[in-house]
Amino acid sequence: MKPIPAARRTNGVRYAIRDVVMAARTHASAGMNMLYLNIGDPIQFDFKTPPHILDAISASMNAGNTGYCPSEGTDEAVAAIAAESKRKGITNAHHIFVTTGASEAIEIALTALLDEGDELLVPSPGYPLYTALLSKLSAKGVAYQLDEANNWQPDVEDIARLITPATKAIVVINPNNPTGAITDIATLDKIIAVAKEHNLLLLSDEIYDKLTLDGEKMISLASRAADHPVVTFGGVAKCYLGPGLRVGWGVVSGATDMVRDYADAIGRLERARLCASHPAQAAVAAALEGPQDHITDMLAKLTVRRDRLMAGIDAIDGISCVPPKGAFYAFPRLHNVIDDNQFVLDLMAATGIVCVPGSGFGQAPNTAHLRFVVLPPENIIDRAMTRLGEFMARR
């Protein structure tokens, strides 16, 4: 029998955040002391899922909610997301669907939208899930630039310049992963104007919406878009410290006659995969309507750790960073470095620091970046910055 060939559509599937772990395992197995600043999982550090969320899931299981539920989500979860959407200023939600993490919501939304050869405008830098899914769908990702000199705001002129007859939608990640930038209102409004002019759907990834630092305010894109079609993504993974619970959602908003057919296609895809975890969906109402104290505590920790990371970077020659204002990432720039992939591997081999090359997220031509998470305790961040400084000095 001949070897089974893989589908060509998988050739472009890459996920730099986890790909780098393979090299880290090799060094760790050899006894090296590793400092993990690579993955955005708060539970791997000193953050815990709020007890009331776990209690809600446990109660749901004890109540016998282990069978199938409606494909779009339980009534309780959908109602909680609808109420949260209104609090965010989204007043015309047409369809809400609960998924196995926000990643599945994104995949369903893209699958319902894109045919082979269609184009999707994605931010660069941006979360690599989008480009991986586009490869799977045989569609094309077209990267628009975030302006590092302007606090990583989307370059709206670049967005407009890249639109073709094949373009179907624009993705906005706010707050952004990997830069930690928050898109300002003026830029959001300009993006909406471009989308209206070219009849494009907007996809707004707001999974970090409550994680804003320094008193910054994050405004939901759909709240500014009025009747223009938007799909807003959220979940319990980041703000509610439950990444392994795998509960996310999408909210389709806009004028009914503009989104009806698209929302119906999303519904067909939902039903084809049956439903997200029934008991885990109890986390939604518990998270959105329950105590929010952990967010205040989390922001206090993240602010201190962000500041420690920034102080460490500022003290090192050859690296600089736009201070992140949201999420829990920093995206420093390497000066006089050509290959950030090789830099990350060399850094790991010499120091045990595990981070992700900027090229895994996209970056402007002829630039090189790293992505750090600011989740580790201060002593880990301090140790990593000391080792990074020593490594840079030797180079």
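Test Ala282 against the stated conditions and say whether it is over 30 Å from His369 (Cα atoms), aliphatic (A, V, I, L, M) and not assigned by TED's automatic domain parsing to the domain that holds Leu37.
On the way: over 30 Å from His369 (Cα atoms): yes; aliphatic (A, V, I, L, M): yes; not assigned by TED's automatic domain parsing to the domain that holds Leu37: yes.
Against the criterion (over 30 Å from His369 (Cα atoms), aliphatic (A, V, I, L, M) and not assigned by TED's automatic domain parsing to the domain that holds Leu37), Ala282 qualifies.
Inspect region 136-149 for any residue being outside any strand (DSSP E or B), crowded, with 17+ Cβ neighbours inside 10 Å and of a type in the set (Phe, Trp, Tyr) and give the result as yes or no. Explain how you work it out, then say what you get.
Here is the first cut: in region 136-149, the residues outside any strand (DSSP E or B) are 136-139, 148-149.
Now drop any that are not crowded, with 17+ Cβ neighbours inside 10 Å, which leaves 137, 139, 148.
Next, only the ones that are of a type in the set (Phe, Trp, Tyr) stay: none.
No, there is no match, as no residue in region 136-149 is outside any strand (DSSP E or B), crowded, with 17+ Cβ neighbours inside 10 Å and of a type in the set (Phe, Trp, Tyr).
Taking region 242-269 as the region of interest, how many residues are of a type outside the set (Lys, Arg) and at positive phi? It would help to see each step written out before you state the result.
Of region 242-269, the ones of a type outside the set (Lys, Arg) are 242-245, 247-259, 261-267, 269.
With at positive phi added as a condition, the list becomes 254.
So the count comes out to 1.
Where the second residue is basic (Lys, Arg) and not in a loop (DSSP other than H, G, I, E, B) and the first is more than 18 Å from Ala222 (Cβ to Cβ) and lies in region 163-175, which pairs have Cβ atoms under 9 Å and are six or more apart or on separate chains?
Sorted first by the residue in region 163-175, then by its partner, the pairs are Ala166/Lys140.
Report, by residue number, each residue of region 228-260 that is assigned to a loop (DSSP other than H, G, I, E, B) and either not assigned by TED's automatic domain parsing to the domain that holds Ala276 or not basic (Lys, Arg) (or both). I'd like the intermediate steps shown before the answer.
Quick first cut of region 228-260, residues assigned to a loop (DSSP other than H, G, I, E, B) only: 228-229, 236-242, 246-247, 254-255.
Hits for region 228-260 are His228, Pro229, Val236, Ala237, Cys239, Tyr240, Leu241, Gly242, Val247, Gly254, Ala255.
Yes or no, residue by residue, for (1) within 21 Å of the chain's Cα centre (by Cα); (2) of a type in the set (Val, Ile, Thr):
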residue	(1), (2)
Gly67	no, no
Ser85	yes, no
Lys88	yes, no
Thr91	no, yes
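Would you say Leu146 is within 29 Å of Arg305 (Cα to Cα), without any contact (Cβ under 8 Å) to a residue 60 or more places away in the chain, aliphatic (A, V, I, L, M) and out of contact with any Ser or Thr (no Cβ under 8 Å at 6 or more places or on another chain)?
On the way: within 29 Å of Arg305 (Cα to Cα): yes; without any contact (Cβ under 8 Å) to a residue 60 or more places away in the chain: yes; aliphatic (A, V, I, L, M): yes; out of contact with any Ser or Thr (no Cβ under 8 Å at 6 or more places or on another chain): no.
It is false that Leu146 is within 29 Å of Arg305 (Cα to Cα), without any contact (Cβ under 8 Å) to a residue 60 or more places away in the chain, aliphatic (A, V, I, L, M) and out of contact with any Ser or Thr (no Cβ under 8 Å at 6 or more places or on another chain).
Quick one: is Asn65 in a loop (DSSP other than H, G, I, E, B) and surrounded by 12 or more Cβ atoms within 10 Å (Cβ to Cβ)? Outline the logic, then answer.
Details: in a loop (DSSP other than H, G, I, E, B): yes; surrounded by 12 or more Cβ atoms within 10 Å (Cβ to Cβ): yes.
Yes; evaluated as a whole, the condition is true for this residue.
Only residues that are charged (D, E, K, R) and part of a loop (DSSP other than H, G, I, E, B): list them for region 191-224, please.
First, the residues of region 191-224 that are charged (D, E, K, R): 196-197, 205-206, 209-210, 214, 216-217, 224.
Listed by number, the residues that qualify are Glu206, Asp209, Lys210, Asp214, Glu216, Lys217.
If you check Ala225 against the conditions, is it surrounded by fewer than 23 Cβ atoms within 10 Å (Cβ to Cβ) and either aliphatic (A, V, I, L, M) or not assigned by TED's automatic domain parsing to the domain that holds Ala285 (or both)? Steps first, answer last, please.
Values: surrounded by fewer than 23 Cβ atoms within 10 Å (Cβ to Cβ): no; either aliphatic (A, V, I, L, M) or not assigned by TED's automatic domain parsing to the domain that holds Ala285 (or both): yes.
Considered against the rule, which asks whether it is surrounded by fewer than 23 Cβ atoms within 10 Å (Cβ to Cβ) and either aliphatic (A, V, I, L, M) or not assigned by TED's automatic domain parsing to the domain that holds Ala285 (or both), Ala225 comes out as no.
Look through region 203-222, keep the residues that are among the polar types (S, T, N, Q) and over 14 Å from Gly180 (Cβ atoms), and return whichever of them is surrounded by the most Cβ atoms within 10 Å (Cβ to Cβ).
If we filter region 203-222 for residues that are among the polar types (S, T, N, Q), which is where we start, we get 204, 212, 220.
Going one step further and asking which of them are over 14 Å from Gly180 (Cβ atoms), we end up with 204, 220.
Working: Ser204: 27, Ser220: 22.
Ranking the qualifying residues of region 203-222, first place goes to Ser204.
Conditions (1) outside the structural domain of Asn38 (by TED's automatic domain parsing); (2) crowded, with 21+ Cβ neighbours inside 10 Å; (3) in contact (Cβ under 8 Å) with a residue 60 or more places away in the chain; (4) not in a strand (DSSP E or B), marked per residue:
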{"position": "Val322", "(1), (2), (3), (4)": "no, no, yes, yes"}
{"position": "Ile338", "(1), (2), (3), (4)": "no, no, no, yes"}
{"position": "Asn341", "(1), (2), (3), (4)": "no, no, no, yes"}
{"position": "Asp346", "(1), (2), (3), (4)": "no, no, no, yes"}
{"position": "Ala349", "(1), (2), (3), (4)": "no, no, yes, yes"}
{"position": "Gln363", "(1), (2), (3), (4)": "no, yes, yes, yes"}
{"position": "Asn366", "(1), (2), (3), (4)": "no, no, no, yes"}
{"position": "Leu370", "(1), (2), (3), (4)": "no, yes, no, no"}
{"position": "Pro376", "(1), (2), (3), (4)": "no, yes, yes, yes"}
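Does Val20 fit the bill of being buried (at least 17 other Cβ atoms within 10 Å of the Cβ), in a helix (DSSP H, G or I), out of contact with any Pro (no Cβ under 7 Å at 6 or more places or on another chain) and without any contact (Cβ under 8 Å) to a residue 40 or more places away in the chain? It would help to see each step written out before you state the result.
On the way: buried (at least 17 other Cβ atoms within 10 Å of the Cβ): yes; in a helix (DSSP H, G or I): yes; out of contact with any Pro (no Cβ under 7 Å at 6 or more places or on another chain): yes; without any contact (Cβ under 8 Å) to a residue 40 or more places away in the chain: no.
Spelling it out, it is not the case that Val20 is buried (at least 17 other Cβ atoms within 10 Å of the Cβ), in a helix (DSSP H, G or I), out of contact with any Pro (no Cβ under 7 Å at 6 or more places or on another chain) and without any contact (Cβ under 8 Å) to a residue 40 or more places away in the chain.
Here are Leu133, Leu129, Leu120: which of them is farther than 22 Å from Ile182 by Cα and among the hydrophobic types (A, V, I, L, M, F, W, C)? Can you show your working first?
Numbers: Leu129 fails: farther than 22 Å from Ile182 by Cα; Leu120 fails: farther than 22 Å from Ile182 by Cα.
The unique qualifying residue is Leu133.
The values are calculated or read from the model by the stated rules, or taken from the named source; none is laboratory data. Worth saying up front: this structure is predicted, and the values here are computed from it rather than measured. Quick reminder, even Gly has a Cβ in these numbers, built from the backbone with ideal geometry, and neighbours come from all protein chains shown.
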